[in-house]
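**Student:** Below you'll find the structure I mean.
The values are calculated or read from the model by the stated rules, or taken from the named source; none is laboratory data. None of these values were measured; they are calculated from a predicted model. Cβ: placed from backbone, ideal geometry, glycine included. Neighbour counts: every protein chain shown. With ligands, DNA and RNA removed, areas are computed over all heavy atoms of the protein, side chains included. Shrake-Rupley method; radii C 1.70, N 1.55, O 1.52, S 1.80 Å.
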Amino acid sequence: MSTWFSGWRLVVGFLVTVIGVPIVGLVLTWVDRFVSARVQWRKGPPFYQPFADILKLLLKQTIVPRGAARTTFLFAPVVGIAGMTLVAMLIIYSNFNTVVNQQSSFIGDIIVLLYCFALVPISFIIGASASGNPVAAVGASREMTLYLGYELPFVLAILIPVVKVAQQWGVASALRIGGLVAYQQQFGPLLYSISGVIAAVIVLFTIQAKLGYVPFDIPEAEQEIMSGVIVEYSGAPLALFRIARAMAFVLLPLFLITLLWGGLRDWWALLKFLLIVVLIVLMKNTNPRLTIHQALRFFWFILAPIGIIGLVLAFIGL
Amino acid sequence: MSDETKVRRIVPIGPYHPLQEEPEFFKLVVEGETVVDLEINLGYNHRGHEFISPELTYDQVPFLVERICGICSNSHPLAAVLAIEDCAGIKPPPRANFIRTIIHELERIHSHLLWVGLAGHFIGYNTVWMWAWRYREHILQVFEMITGNRNHYAANKPGGVRWDIKPEHVPEIRAALDLVEKKTMMLTKAVLDDPVIRARLEGVGILTKEQAIAWSVVGPTARASGVDIDVRRDDPHCAYDQVPWNVIVLSEGDVFAKAKVRLLEIFESIKIIRGCLDKLPDGPIDMRIDEIPSGEGIGRTEAPRGEVFHYIRSDGTNRPIRHKIRAPSYMNIASNVVAVRGGSIADAALTLAAVDPCYCCTERMAAFEDGMLKYTGKDLLRLSWEKTEKIRERLK
């Protein structure tokens, strides 16, 4: 039974991550556009608009600028998509397979997850640098600065639940997403503590930056550097970037729920997910864009110290 | 990043750029993220208004100059009409003066709200953009009610106005003003109290009082730098000396002060319109002009962006022989050279927009031949001298 069963699970898991997550992501893009439109007294597009956009982009001509490093330029979006697919695999597999088999994922997958999340900004940086456009170069330098900015508090925020679980179950469990989920199913979500709230707030801000949404859409600032990092992209590569972003829009809230808010194994997770998405969209619509210096200062000198305080609180068990 | 900061790169803003939907070209010379220099290129959209104007009759001239700018489409015709009236030595009836003031101030409200919205868009705050433009809609509806058009109202003509404000319009104008005042108050509070907006706008693109005077900036750009000028008060025309209002002057000179000046001016405009509606005299709205004698006249008025100056020279026929226009943006845009220096690219984009530039107002001639500049400034000056000599010959 078990071989058939696990094989079937593998197929479903594959379909969910490779096809389901991008589709849900594009629908979420529509939710974002629709809610933004309603906040701004506009009508908003129909639900199939992101799909139409992607279809149109896929059918359009792909232009590679003359001064660009062709292979790298075209390969960069694939890196982003690959990173997001791995994240989807890890999160969904860890959430739904752990209960069947505690040892199904591996120790340290949360660290792998961190690297996979980083593949999206890295793909943007690679692509922008390969395009040979001065505006894209400014965008790439901004993207890099922003990445260095938000990664520090992001890691600190992830360490908070890890520390809490490690105190009970040891480091081996704590460094596995499956371990974190199992812990929360036994003892309740990690969010319901001071350090948990701190971690959630930090992760929310970094989600905004990782998605490239206002106030942290600095690398793409349309009004300053004309979409910056993706200025030279057109056609299918641009569609791939869009899909990678859309996948991140699904996976980052899922990651937050997995990490702190009880995992994905009950129906409440859907509600939590929608709540986080709405929070992200509202934050996007009620803030102006920061400058890169302000963003860096915010992440390093405001969020990072708060993260350290949260970590200390986690150590003393709060 | 240490190597990168030493390399000078050029970040082009324009000729087509999502920042401002008009043809303009700013070459930002940057080191890393810091702007070290700025080169301004204008003249992509020359339409030859000063050339066309002498071929039109005095009645047609306001329609022409109305199309110089789509946003301050009342200030150019008003200044032209004032110039024609100055030339003819006539004074329009008092009711016309009051209606002109009302239209002009309504225009200032909608123009300033438009700028507030765009400023929000420029800092990525699209909600402010959409909200400001929604409130602006009420003003446009008032325009449509009075003049039949949301823009290009064709309100002025030599000797008076074309559209009367009927008694049934007055309560609707007042209602729209009340609404806009309330909403603008909310917007002002939201914008001025938002810590993130303050972080973005305060101390950015500072133009000191000395620089403002040296670069001859006008309008809200000057008033935000502590230069106390306003043509409405300094050279009273229309009904501006008959209603109470204040000139808003701030001293900071940064983008935040410019935004604040514009937002506060909306309330002053509302005050002026209410005063005008209270005192609106009865009587005719226009008068018959039989002849415009030879001579010259100037008209100046305070457009939403600053002083508009029109010069008209008449030879006694029904067409002007010279019509010279000076638009405020032309003075204001040049001051960007000092205002953006030392800021980041993000701040530069904002500073460039903070003078509320109107490029179609600024277009002047630039003749190119084989990719080279055909006429330098000196050549153009010489040509104009020669032209003036020819005109003098003909006038003899």
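**Student:** For segment B:49-326, how big is Rg over Rh, using alpha carbon atoms and the Kirkwood form of Rh? Could you put the intermediate results ahead of the total?
**Tutor:** Working: Rg = 18.9 Å, Rh = 19.3 Å.
The Rg/Rh ratio comes out at 0.98.
**Student:** Taking a point 7 angstrom from the Cα of B:Phe63 along the C-beta vector, which residues in segment B:155-188 have backbone N less than 19 Å away?
**Tutor:** Correct set: B:155-164.
**Student:** Further question on the same structure: Treat each spin label as a single point 7 Å out from the Cα along the C-beta direction, and report the A:Gln186 to B:Gln242 distance in nm.
**Tutor:** Going by the 7 Å Cα→Cβ label model, 8.7 nm.
**Student:** I would also like to ask the following. Once every DSSP H run of n ≥ 4 in chain B is given -39500 (n - 2.57) and the sum is divided by its residues, what mean residue ellipticity at 222 nm do you get, rounded to the nearest 500 deg cm²/dmol?
**Tutor:** Values: 17 runs with 197 residues, N = 396.
That calculation yields -15500 deg cm²/dmol at 222 nm.
**Student:** Can you list the residues of segment A:287-303 that have at least 50 square angstrom less accessible area with all protein chains present than in their chain by itself, probe 1.4 Å?
**Tutor:** A:Pro288, A:Arg289, A:Thr291
**Student:** Under a cut-off of 21 Å between alpha-carbon atoms, report the lysines in cross-link reach of A:Lys60, not counting same-chain residues fewer than 8 places apart.
**Tutor:** none
**Student:** If you take each beta carbon of peptide B:341-348 and count the beta carbons of other chains within 10 angstrom, what is the mean?
**Tutor:** Values: counts 0, 0, 1, 5, 8, 12, 3, 1.
Going residue by residue through B:341-348 and averaging, the value is 4.
**Student:** Can you give the FRET efficiency for B:Asp235 and B:Val7, using 1/(1 + (r/R0)^6), R0 = 51 Å, r = Cβ-Cβ distance, to the nearest 0.05?
**Tutor:** The computed FRET efficiency comes out at 0.55.
**Student:** Counting each DSSP H run of 4 or more residues in chain A as -39500 (n - 2.57), what helix-only mean residue ellipticity at 222 nm follows after dividing by all residues, to the nearest 500 deg cm²/dmol? Display every interim value, and only then the final one.
**Tutor:** On the way: 14 runs with 230 residues, N = 318.
That calculation yields -24000 deg cm²/dmol at 222 nm.
**Student:** Right, another one. How much FRET efficiency would the formula 1/(1 + (r/R0)^6) give for A:Gln49 and A:Arg265, where r is the Cβ-Cβ distance and R0 is 25 Å, rounded to 0.05?
**Tutor:** Details: r = 32 Å, r/R0 = 1.29.
So the FRET efficiency works out to roughly 0.20.
**Student:** Compute the FRET efficiency between B:Arg174 and B:Glu386 as 1/(1 + (r/R0)^6), taking r as their Cβ-Cβ distance and R0 = 41 Å, and round to the nearest 0.05.
**Tutor:** Numbers: r = 55 Å, r/R0 = 1.35.
The formula returns an efficiency of 0.15 here.
**Student:** Hey, can you grab everything whose amide H is under 5 Å from the amide H of B:Glu296? Only 5+ residues off in sequence or another chain; H modelled, so Pro and N-termini drop out.
**Tutor:** Correct list: B:Ser314.
**Student:** How many partner chain Cβ atoms sit within 10 Å of a residue's Cβ in peptide B:200-209, on average, as a whole number? Mind dumping the intermediate values first?
**Tutor:** Working: counts 7, 1, 0, 0, 1, 0, 0, 0, 0, 0.
Counting other chains' Cβ atoms within 10 Å and averaging over B:200-209 gives 1.
**Student:** Continuing with the same structure: Just in segment B:78-148: which chymotrypsin sites (Phe, Trp or Tyr not before Pro) are loop by DSSP and have at most 11 other Cβ atoms within 10 Å? Intermediate results must be reported in sequence, preceding the final value.
**Tutor:** Numbers: sites: B:Phe98, B:Trp115, B:Phe122, B:Tyr125, B:Trp129, B:Trp131, B:Trp133, B:Tyr135, B:Phe143; in loops: B:Tyr125.
The qualifying sites: there are none.
**Student:** Would you mind calculating the gained length between B:Tyr16 and B:Glu144 on full extension (0.36 nm times residue separation, minus the Cα-Cα distance), in nm to one decimal? Don't jump to the answer; show the numbers that get you there.
**Tutor:** Numbers: separation 128, 0.36 × 128 = 46.08 nm, distance 3.15 nm.
Full extension from B:Tyr16 to B:Glu144 adds 42.9 nm.
**Student:** A further question on this structure: For the protein assembly as shown, count the residues as N, evaluate 2.2 N^0.38 Å, and divide the Cα radius of gyration by that value, please. Please report the intermediate quantities before stating the final value.
**Tutor:** Working: Rg = 30.6 Å, N = 714, 2.2 N^0.38 = 26.7 Å.
That works out to 1.15 for the protein assembly as shown.
**Student:** Separate question: Do you know the relative contact order of chain B, to the nearest whole percent, from alpha carbon pairs under 8 angstrom that are 6+ apart?
**Tutor:** On the way: 746 pairs, mean separation 94.4, N = 396.
Computed value for chain B: 24 percent relative contact order.
**Student:** Would you pull out the residues with amide H under 5 Å of B:Gly124's amide H, same chain only if 5 or more places away, H placed 1.01 Å from N?
**Tutor:** Distant-sequence amide H within range of B:Gly124: A:Arg289.
**Student:** Roughly speaking, what is the stretch gain from B:Lys182 to B:Lys396, that is 0.36 nm per residue apart minus the C-alpha to C-alpha distance, in nm to one decimal?
**Tutor:** On the way: separation 214, 0.36 × 214 = 77.04 nm, distance 5.98 nm.
Extra length available between B:Lys182 and B:Lys396 comes to 71.1 nm.
**Student:** What residues from segment B:134-158 fall in the zone where the backbone N is under 17 Å from a label point 7 Å along the Cα-to-C-beta line of B:Met287?
**Tutor:** Inside the label zone: B:156-158.
**Student:** Compute the semi-axes of the equivalent ellipsoid of segment B:110-181, taking the square root of 5 times each eigenvalue of the Cα gyration tensor, and list them largest first in whole Å.
**Tutor:** Values: eigenvalues 151, 44, 12 Å².
Values for segment B:110-181, descending: 27, 15, 8 Å.
**Student:** Dipole magnitude of segment B:1-100 about its Cα centre, charges +1 at Lys/Arg Cβ and -1 at Asp/Glu Cβ only, in debye to the nearest 20? Let's see the in-between values first.
**Tutor:** Values: 9 positive and 15 negative charges, 69 e Å.
In debye, rounded to 20, segment B:1-100 gives about 320.
**Student:** Taking a probe of 1.4 Å and counting only protein heavy atoms, give the total accessible area buried between chains A and B in Å², rounded to the nearest 100.
**Tutor:** Values: alone 14930 and 17870 Å², together 30210 Å².
Protein heavy atoms only, the A-B interface buries about 2600 Å².
**Student:** On to the next question. Taking 0.36 nm per intervening residue step and subtracting the Cα-Cα distance, what contour gain separates B:Ser251 from B:Ile90 on full extension?
**Tutor:** Details: separation 161, 0.36 × 161 = 57.96 nm, distance 3.89 nm.
Computed gain between B:Ser251 and B:Ile90 is 54.1 nm.
**Student:** Only protein chains counted, 1.4 angstrom probe. Which residues of segment A:181-224 are at least 30 Å² less accessible in the assembly than when their chain is isolated?
**Tutor:** For segment A:181-224, once contacts with the other chains are taken into account, A:Glu222, A:Gln223, A:Glu224 lose 30 Å² or more.
**Student:** Rounded to whole Å, give me the distance from the Cα center of segment B:174-195 to that of segment B:33-88.
**Tutor:** Computed from Cα coordinates, the inter-centre distance equals 31 Å.
**Student:** Here's a follow-up. With all distinct Cα pairs included, what does the Kirkwood hydrodynamic radius of chain A come out to in Å, to one decimal, could you say?
**Tutor:** Numbers: mean 1/r = 0.0495 Å⁻¹.
About 20.2 Å, per the Kirkwood formula over Cα pairs.
**Student:** Per residue, how much accessible surface does the protein assembly as shown expose to a 1.4 Å probe? Answer in Å², no decimals. If you can, show how the numbers build up before the last one.
**Tutor:** Values: 30210 Å² over 714 residues.
On a per-residue basis, the protein assembly as shown sits at 42 Å².
**Student:** Related question: Once you place label points 7 Å from the Cα toward the Cβ at A:Val278 and B:Ile40, how far apart are they in nm?
**Tutor:** 4.8
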